[in-house]
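Q: Right, I'll just put the structure down here and ask away after.
The values are calculated or read from the model by the stated rules, or taken from the named source; none is laboratory data. These numbers were taken from a predicted model, which means no experiment stands behind them. Cβ atoms come from the backbone with ideal geometry, glycine included; neighbour counts cover every protein chain shown.
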Amino acid sequence: MGENLPTFNIDLNDMQSYRITVLLVDDQAMIAEAVRRALTEETDIDFHYCQDPTEAIKMANTLSPTIILQDLVMPDIDGLMMVRFFRANKQTAQVPIIVLSTKEEPEIKSKAFAQGANDYLVKLPDRIELIARIRYHSQSFIYQKQRDEAFQALQESQRRLAEANMELQRLSSLDGLTGIPNRRRFDEYLAHEWKMAIRHNTAISLIMMDIDFFKMYNDHYGHQGGDDCLKTVAKILERSVLRETDIVARYGGEEFTAILPDSGRKAAHEIAEAMRSCIQERQIPHEKSQVSKFVSISIGIATAMPVRGTDAEALIAAADQALYKAKEMGRNQIQTAESYVE
């Protein structure tokens, strides 16, 4: 059809990998050195240290730690306040925080948990315990981030798949040559609007159009010339309808049709005349036409008030019969079908 569907390839297994990254916020360099030494042999753990609490948030935003070790007692800023700051910061809101204190104080521990801390350790804990807790909290955090990323990737995949399906549906409803709705779309839309007309007790009109002496045009100007003529006519016809509910479709070969929901005979005739005159005014040369030296169209119109228990086949037949009459009467004109009983 000359258009490509969007392509995408999202591998849900190809999630970002994370290293365990520790950020220690403590004003005592001695504590920092002790933690660093405890983690030296752990090759999968990166250690970072911030002595100035006023820089801790900025540093955390840069490092994206998987765990924060926060000293409870610090100059200028209380450790529990730092916990609140980390929780209020978007980038660190979910990062596990272990509060470090010099002693076991149930009341302080309770406050730490209330502020959003995940764990509480009396510093400095045994090396094995420290590493175990760092790994436990970091890995839980990493797994959660990877689950979130997998979910987001899945959502993105589903969104793009839905878009691709919509595009496929759109393309499958269009005529490959002219780009306007095809016969399949015509059938679907007419059936839908017929039901709507029954529900709302409104009229529906159908216009059937045929390019006059198109076989002679094709024989004289060649198939490429014929294709160009069909595309030009389709564009003119499509521009002739103004409402979003009106559609022009290629019915087959050189025949086109327009569905006009909630439209009576008068409105349908006005649109049909606009189509006929616009084609004529475009002055597409047609040396072999027996009715005009330019491309022209013959038009048949049928209008109905659909009722329950009926379908649109009679409307199509009536419009087709009116088109046949327009051809019989000399072409390049409009004929309207007589009213018919459903």
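Q: Quick check: anything in the stretch 312-320 in the same structural domain as Trp194 (by TED's automatic domain parsing) and more than 24 Å from Leu174 (Cα to Cα)? Before you say what the answer is, go through the steps one by one.
A: First, the residues of the stretch 312-320 that are in the same structural domain as Trp194 (by TED's automatic domain parsing): 312-320.
Subset that is more than 24 Å from Leu174 (Cα to Cα): 314, 318.
Yes, that holds for at least one residue.
Q: If you don't mind, there's one more thing I want to ask. Which of the following residues is aliphatic (A, V, I, L, M), outside any loop (DSSP other than H, G, I, E, B) and surrounded by fewer than 16 Cβ atoms within 10 Å (Cβ to Cβ): Leu124, Leu190, Leu161, Leu130?
A: Leu161
Q: Looking only at residues that are modelled with pLDDT under 95 and of a type in the set (Ser, Thr, Tyr) in the stretch 164-187, which one is surrounded by the most Cβ atoms within 10 Å (Cβ to Cβ)?
A: Out of the qualifying residues, it is Ser173.
Q: Here's a follow-up. If you take the residues in the stretch 248-286 that are charged (D, E, K, R) and within 35 Å of the chain's Cα centre (by Cα), which one is farthest from His223 (Cα to Cα)?
A: Asp262
Q: Are any residues in the stretch 127-180 closer than 13 Å to Thr66 by Cα and of a type in the set (D, E, K, R), and if so, which ones?
A: Arg133, Arg135, Lys145
Q: Would you check if there is a residue in the stretch 65-77 being part of a helix (DSSP H, G or I) and either within 17 Å of Leu24 (Cα to Cα) or assigned by TED's automatic domain parsing to the domain that holds Met30 (or both)? Show your work before the answer.
A: Within the stretch 65-77, the first condition is being part of a helix (DSSP H, G or I), and the residues that meet it are none.
No, because not a single residue in the stretch 65-77 is part of a helix (DSSP H, G or I) and either within 17 Å of Leu24 (Cα to Cα) or assigned by TED's automatic domain parsing to the domain that holds Met30 (or both).
Q: While we're looking at this one, here's another question. Which count do you get for residues in the stretch 193-220 that are under 17 Å from Ile297 (Cβ atoms) and either among the charged types (D, E, K, R) or not in a strand (DSSP E or B) (or both)?
A: 8
Q: Residue check: is Ala258 out of contact with any His (no Cβ under 7 Å at 6 or more places or on another chain) and in a strand (DSSP E or B)?
A: Yes.
Q: So, one more: Would you check which residues across the stretch 274-301 are among the aliphatic types (A, V, I, L, M) and more than 30 Å from Ala203 (Cα to Cα) and list them?
A: Result: Ile284, Val291, Val295.
Q: Can you tell me which residues in the stretch 253-290 are surrounded by fewer than 15 Cβ atoms within 10 Å (Cβ to Cβ) and of a type in the set (Gly, Ala, Ser)?
A: Gly253, Gly264, Ser277
So that you can scan it fast, the table gives a plain yes or no per residue for (1) more than 25 Å from Trp194 (Cα to Cα); (2) small (Gly, Ala, Ser); (3) at pLDDT 95 or above; (4) assigned to a strand (DSSP E or B):
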| residue | (1), (2), (3), (4) |
| --- | --- |
| Glu244 | no, no, no, no |
| Arg250 | no, no, yes, yes |
| His269 | no, no, yes, no |
| Val291 | yes, no, yes, no |
| Gly300 | no, yes, yes, yes |
| Thr310 | no, no, no, no |
| Ile316 | no, no, yes, no |
| Gln321 | no, no, yes, no |
| Tyr324 | no, no, yes, no |
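Q: Something else now. Might you let me know whether the stretch 22-34 holds any residue that is assigned to a helix (DSSP H, G or I) and acidic (Asp, Glu)?
A: Looking through the stretch 22-34, at least one residue is assigned to a helix (DSSP H, G or I) and acidic (Asp, Glu).
Q: Here's a follow-up. Do any residues in the stretch 210-222 that are within 12 Å of Ser289 (Cα to Cα) and at pLDDT below 95 have Cβ atoms under 9 Å from those of residues that are buried (at least 22 other Cβ atoms within 10 Å of the Cβ) and β-branched (Val, Ile, Thr), where the two are at least six apart or on different chains, and which pairs are they?
A: Final answer for the pair search is none.
Q: Right, next: Would you pick out the residues in the stretch 88-109 that are part of a helix (DSSP H, G or I) and surrounded by 11 or more Cβ atoms within 10 Å (Cβ to Cβ)? Quick ask: steps written out before the conclusion?
A: Restricting attention to the stretch 88-109, the residues satisfying the condition of being part of a helix (DSSP H, G or I) are 88, 106-109.
Within the stretch 88-109, Ala88, Ile108, Lys109 qualify.
Q: Going through the stretch 43-56 one residue at a time, which ones are surrounded by fewer than 18 Cβ atoms within 10 Å (Cβ to Cβ) and within 41 Å of the chain's Cα centre (by Cα)?
A: Answer for the stretch 43-56, where residues must be surrounded by fewer than 18 Cβ atoms within 10 Å (Cβ to Cβ) and within 41 Å of the chain's Cα centre (by Cα): Asp44, Asp46.
Q: A follow-up question, please. Given the condition within 13 Å of Phe213 (Cβ to Cβ) and aromatic (Phe, Trp, Tyr), answer yes or no: does some residue in the stretch 294-305 qualify?
A: yes
Residues are listed down the side, and each one gets a yes or a no for (1) under 24 Å from Asp187 (Cα atoms); (2) buried (at least 20 other Cβ atoms within 10 Å of the Cβ); (3) in contact (Cβ under 8 Å) with a residue 24 or more places away in the chain; (4) more than 39 Å from the chain's Cα centre (by Cα):
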{"site": "Ile207", "(1), (2), (3), (4)": "yes, yes, yes, no"}
{"site": "Asp227", "(1), (2), (3), (4)": "yes, no, yes, no"}
{"site": "Lys231", "(1), (2), (3), (4)": "yes, no, yes, no"}
{"site": "Glu244", "(1), (2), (3), (4)": "yes, no, no, no"}
{"site": "Thr303", "(1), (2), (3), (4)": "yes, yes, yes, no"}
